[in-house]
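A quick write-up on the structure given underneath.
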Amino acid sequence: MAADIIKPTDPTFHTVPSRIRGSTRYWPHFKGCTGAIDGVHVPVVLPVEEQHPYRGRKGATTVNCMCACDFDMKFTFACVGWEGSAHDTKIFLNCLNNESDNFPKPPPGKYYLVDSGYPMKSGFLAPYKGER
């Protein structure tokens, strides 16, 4: 469902989001930013015999989801269903390398903001270690 319904509003990434362009706080610092990527753990209820891989580091039974949003707070990509024990980096790299996921990769000069759980790669800007 996500590949058919959730899509970037500007798949070419040529348009600078109005929230960036119209803000003295963010322009020109984020003019190449197309959105943000983060993961979320969603609690799930499973039969006892299937729970082990879905237990996260805090002990809860969850599904790990990676989502990308634009600056209008619209989802532009969602990858759901990974077991709670899967690390954000594993999900991220799988989405980048698996063409069938239809991940909207940013062109040169554009990038996504990502949290520190994701690797620093071309097109993906993570904060400095220790910064919030």
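We did not get these values from a lab; they are worked out from the coordinates using the rules stated. All figures in this text were calculated on a predicted structure; none of them were measured in a lab. Virtual Cβ from ideal backbone geometry, glycine too; neighbours counted across all protein chains shown.
Please verify whether ASN98 is surrounded by 14 or more Cβ atoms within 10 Å (Cβ to Cβ) and out of contact with any Phe, Trp or Tyr (no Cβ under 8 Å at 6 or more places or on another chain), treating the condition exactly as stated.
On the way: surrounded by 14 or more Cβ atoms within 10 Å (Cβ to Cβ): no; out of contact with any Phe, Trp or Tyr (no Cβ under 8 Å at 6 or more places or on another chain): yes.
Here the answer is no, as ASN98 does not meet what is asked.
Among the residues of the range 61-116, what is the count of those that are touching a helix residue (DSSP H, G or I) at 6+ places or on another chain (Cβ under 7 Å), over 22 Å from ILE20 (Cβ atoms) and of a type in the set (Phe, Trp, Tyr)?
Result for the range 61-116: 1.
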